[in-house]
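K.L.:
Got a structure here, written out as structure tokens. Questions coming.
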Amino acid sequence: MTSTLSHEEIQAGWRDAHVRPLWEIAQAHAPDPAAGGPAGWPWRTLEPLVARAISLASPASAERRVLSLIDPAGKPGDFQTITNLNAGLQILLPGESARPHRHSPDALRFVLQGGGAVTKVDGTLAAMEFGDLVLTPGWCWHEHWHEGTAPMVWLDVLNVHAHLNMGTFSFEPGPPHDVPPPVDVAAFRYPLAAAKRAVDATAPGRDGARWFRYVNPATGEPVMPFLDSYLVRLEPGQTTLPLRTSAHSICTVVEGRGSTTAGNGTFAWEPRDIFSLPHRAPITHCAAEPAYLFVVTDREILRRLDLLTEDYG
């Protein structure tokens with residue numbers, strides 16, 4: 001049967017009925033190819049922006065003084081760093097505090113600059129020094145205050161978009177209530193020195209790098225499996241075996257200099273640089289000197305859903 005309506009009239013009818021023909025949806029049967037390279041946020045670019053944020057906002061005027069890292073390939077209005085993961089720089093000055101709240105997404109803090117701050121996770125106090133990892137699992141009350149003498153900057157990573165996509169995002173401001181008693185801080189705070197000793201003692205993995213997974217020392221399991229975190233040691237002059245994975249990752253440089261190639265791009269990095277890694281693209285790392293990378297990934301989410309694929313070589 002031939003329609004007597006014009007193309008424009010047909011399209012208007014579909015829009016009015018909130019209908020869209022599947023054959024006109026380009027991505028319906030062809031997901032975006034992972035042809036892009038790593039998205040990078042060099043510290044030399046971020047540092048002056050941190051200073052600008054200090055002059056423009058305070059924890060008293062905003063929920064948190066955070067500069068969100070936005071996927072340059074995202075659509076207008078998007079605010080994820082990479083699929084399922086959101087990262088940003090949180091800044092706290094001496095004497096400042098960030099008021100308590102809680103939310104369903106898990107969150108972690110990896111200290112990039114400074115020391116002397118404290119994070120309270122439910123009833124447990126966790127000190128924050130350079131290179132420390134502090135965890136705030138989903139629906140735990142958490143707040144921060146700064147007892148040091150110089151500005152603090154740390155990397156926040158949350159699985160906000162995983163919750164938004166599943167419809168499970170929730171947020172509650174303080175004051176805290178129903179707070180559990182304090183627990184062993186070792187479940188929430190991982191000092192850099194201890195992590196480096198652990199990764200140095202680890203045998204090289206399949207890709208040739210040394211990987212240390214942050215786990216609860218009492219159980220051997222991750223406190224927050226859906227924000228899977230690692231410290232990676234790279235040897236100078238060594239290029240890791242290419243890895244293709246369905247997981248998405250965010251990396252920051254703790255020590256050393258080198259480069260990472262993913263898909264069609266290469267990102268040269270140095271301390272405090274941050275970069276994201278696309279899925280399904282071959283990823284290799286090469287260090288010019290002994291280097292440590294902090295890596296956060298949604299790998300465990302995909303593994304538990306039987307959606308994780310990993311190929312080396």
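Readers should treat all values here as calculations from the given coordinates under stated rules, not as data from a laboratory. All values reported here derive from a predicted model rather than from experimental measurement. With ideal geometry, Cβ positions are generated from the backbone for all residues, glycine too; neighbour counts draw on all protein chains shown.
K.L.:
Report the paramagnetic label zone for residue 139: residues of the range 96-118 whose backbone N is under 20 Å from a point 7 Å from Cα along the Cα-to-Cβ axis.
P.N.:
Correct set: 100-108.
K.L.:
Would you mind calculating the gained length between residue 206 and residue 259 on full extension (0.36 nm times residue separation, minus the Cα-Cα distance), in nm to one decimal?
P.N.:
On the way: separation 53, 0.36 × 53 = 19.08 nm, distance 1.91 nm.
In short, 17.2 nm is gained.
K.L.:
Charges on Cβ only, +1 for Lys and Arg, -1 for Asp and Glu, centred on the Cα centroid of the range 36-312; of 269, 138, 217, which one is farthest towards the dipole's positive end?
P.N.:
So the residue furthest toward the plus end is 269.
K.L.:
Determine, from the Cβ-Cβ distance of residue 60 and residue 184 and an R0 of 35 Å, the FRET efficiency 1/(1 + (r/R0)^6), rounded to the nearest 0.05. Can you show the working numbers first?
P.N.:
Numbers: r = 32 Å, r/R0 = 0.93.
E between residue 60 and residue 184, to the nearest 0.05, is 0.60.
K.L.:
Sticking with this structure for a sec: What FRET efficiency, computed as 1/(1 + (r/R0)^6) with R0 = 22 Å and r the Cβ-Cβ distance, is obtained for residue 127 and residue 47, rounded to the nearest 0.05? Walk me through the intermediate numbers first.
P.N.:
Details: r = 24 Å, r/R0 = 1.09.
That pair, residue 127 with residue 47, gives E of 0.35.
K.L.:
Can you give the extra length, in nm with one decimal, that the chain gains between residue 73 and residue 288 once fully stretched, where that is 0.36 nm per residue apart less the Cα-Cα distance? Don't skip to the answer; put the middle values down first.
P.N.:
Values: separation 215, 0.36 × 215 = 77.40 nm, distance 2.88 nm.
This chain segment gains 74.5 nm when fully extended.
K.L.:
Okay, moving on. Report relative contact order for the chain in percent, whole number only (criteria: Cα-Cα under 8 Å, sequence separation at least 6). If you can, show how the numbers build up before the last one.
P.N.:
Values: 733 pairs, mean separation 57.4, N = 313.
Relative contact order, the chain: 18 percent.
K.L.:
I would also like to ask the following. Which net charge results for the neighbourhood of residue 309, defined as the other residues with beta-carbon distances under 11 angstrom from its beta-carbon, given Lys and Arg at +1 and Asp and Glu at -1? Can you show the working numbers first?
P.N.:
Details: positive: 244, 280, 299, 303; negative: 306, 310, 311.
Around residue 309, the surrounding residues sum to +1.
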